[in-house]
1. Between the alpha-carbon centers of the stretch 466-543 and the stretch 285-315, tell me the distance in whole angstrom.
2. Counting only the backbone N, which residues of the stretch 336-372 are under 15 Å from the spot 7 Å out from the Cα of GLU230 toward its beta-carbon?
3. Heavy atoms of the protein only, probe of 1.4 Å, neighbouring chains included. What is the accessible area of ASP550 in Å², nearest 10?
4. Which whole-number percent is the relative contact order of the chain (Cα, under 8 Å, 6+ apart)?
5. Only bridges whose two residues both fall in the chain count here: according to DSSP, what percent of them are antiparallel, nearest 5?
6. Under the 0.36 nm per residue contour assumption, what length would be gained going from the current alpha-carbon distance of LEU562 and TYR293 to full extension?
7. Could you give the radius of gyration (one decimal) and Dmax (whole number) of the Cα atoms in the stretch 20-130, in Å?
8. Relative to the longest principal axis of the chain, what angle (0 to 90°, nearest 10) does the C-alpha long axis of helix 426-438 take?
Amino acid sequence: MKKSLFTLFLASLLLVGCNGISKMKSNSSKIRYQATPNPVETKDDNIIVKFVGSVPEKYFAKNVCLYLQPVFTWEGGSISLEPITLKGENVNGEGIAISYANGGRFTYTDELKFQDGMETGRVTLTPVAYKSTTTDDEAKFAKDIVEQHHGVKFPTVLISDGVNNLSSMLNVRGNISISPINYNKTQGVVETADIYFKNGQSDLNWNFEMNRKFDSKAQLQDLKRIMLEEGLPRQITITGWASPEGEESNNVGVSKNRTDVATRELKAVLDEVLTIMAKRAKIPAHDVAYYKYNLEKQVIITSRSAGEDWVHFTLMVEESDIQDKHAIINVVETQQNLKKREQMIKNLGEAYPLLKNEIFPNLRRAQIALYYSEARKTDPELAKQASLNPAKLTFDELMYAAYINYNYETKLKYYKWATENYSNEWAAWNNAGAVAFYLGDYAEAERYLNVAREINPHNPDVLNNTGLLCLGKKDYTLAKYYFEEAARQGSTDAETNLPILNIKKGDYQAAEKQLKKETCSYNLAFVQLLNGETSNCIRTLDCCLDQNADVHYLRAVAYARLGDKSNVLRNLKLSVNENYDYKEKAATDTEFRAYWDDADFKTVIKLY
């Protein structure tokens, strides 16, 4: 009789438990789940799955456990995340206790590695309930609960549809540090004379303000004096340049015409010198022409139309007091598209009066140079020699040839050759490491930078580049150490790179404070958007020096958050026109979810 009563008691408990689970299942929609943010987002290449759950009062049975295991599913497969257990008041063991009378709240957080294609992934949850006096802390998957505890599956809940991968838009390349170039192009030059011209013109005007400022006419007379005192030089070079803010096709012609003007002036001065020399030598009148001819042919006279003077532009900006000079130089050096570079220079001229009023006018010139020892090679000669036979170049010449080349693969080739043949020069190893990092070859970058640190362990350029390498390898502690050490040694590049660490860690407020002085930087706009300062983000993007595909795309995202369709489409067009990959990105980017079914948006994705 006692046994029968005990059996009846157990059966009644099971019945109560089952009835409790059944009631919870039928009312499962009363549990509210809210992803924060929604949709889930990436941070430092991981998808952060975070949601808050709310259980209503008089819902959760006192002897029931609810096993919750979110699952991330995408076209490439599915991943089960870490489970948590909610437990009733009478259940022992690990888990989050939920009151029957009052209900309760809970927060779930986990993360998984982001992979390409996960942008359209979904986070779902199928709760499994089971009756027990203690939670099962060993179960790894929901199926274990179903099999071992006769668990009851509740209806599946959608936690998040899609993944916001905005964090991938961060510019993590930072500012690499290229060691100073010691090549002196004027070695061997005794005297030079510069003739200046108005913007886009090649007419000689001695009354032009730049010619008056530098007394260009007197410079020509100094050439005459030098030749009469020192004799004829071994070589005379005439080079014409144009400032780089104009179109290349026009600048080539302008620089050629300026070269022709300077050549004509040199010929006149040289004729005067030879005439005086003939007079001093008491050459008979009938032999003067032949005498002058023989002297002149001993001088090598070369002329060159150099077009846009990017090299001197960079050097003058480096020597200037412009606050954003490092950003300007970085933009110019990394922009491979010549037309875009020219447009950027035009924009810079409007933004920085010093460029427009001082630096550009200094570049619109033709120069006559006298060499009494071996003349330095011209930039095209150096580039050709570096390409065909770098062994014939000195270390400084090779480093300069790499510096003036805008193709980073070619730069690396020259720097590599320098490390192999001038192995004691730390600058070669540093520059090779910096360029290898820029190109994404971390293994090569590490090899070069390790040698650079052995040779010159406290050099700020080497320390900054090592910090960037650590950043790329996600060793943020070591990256911080190298950036801070480089900054102490005077590296402004390192000061600019430090905020990237806080962005990667998700501390956007701290990063924004650090970036405030970078008033027109892409990363400042990026953190402003992440901090919810959408209008400030757009203003910062509008003044960025390089209006590239990344800038246009991020601005489209900002306008999407403001619901400004026309500006979304305008910026998306500009972005995908420059970078075809942004078509595919926009088609799955949750920032544009409100426009996915829009006909105009679809047109941009298909046609542009």
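1. Using only Cα atoms, the two centres lie 51 Å from each other.
2. Under 15 Å, as judged by backbone N against the label point of GLU230, lie 368-372 of the stretch 336-372.
3. Accessible area of ASP550: about 60 Å².
4. It comes to 11 percent, rounded to a whole number.
5. Percent antiparallel among DSSP bridges in the chain is about 80.
6. Working: separation 269, 0.36 × 269 = 96.84 nm, distance 7.60 nm.
That pair, LEU562 and TYR293, stretches by 89.2 nm at full extension.
7. For the stretch 20-130, the Cα-based Rg and Dmax read 15.1, 46 Å.
8. 50 degrees
The values are calculated or read from the model by the stated rules, or taken from the named source; none is laboratory data. Just so it is clear, the model here is predicted, and its values are computed rather than measured. Positions of Cβ are generated from backbone atoms using ideal geometry, with glycine treated the same way; all protein chains shown enter the neighbour counts. Just so you know, the surface numbers come from the protein's heavy atoms only, side chains and all, with ligands and any DNA or RNA stripped out. Shrake-Rupley method; radii C 1.70, N 1.55, O 1.52, S 1.80 Å.
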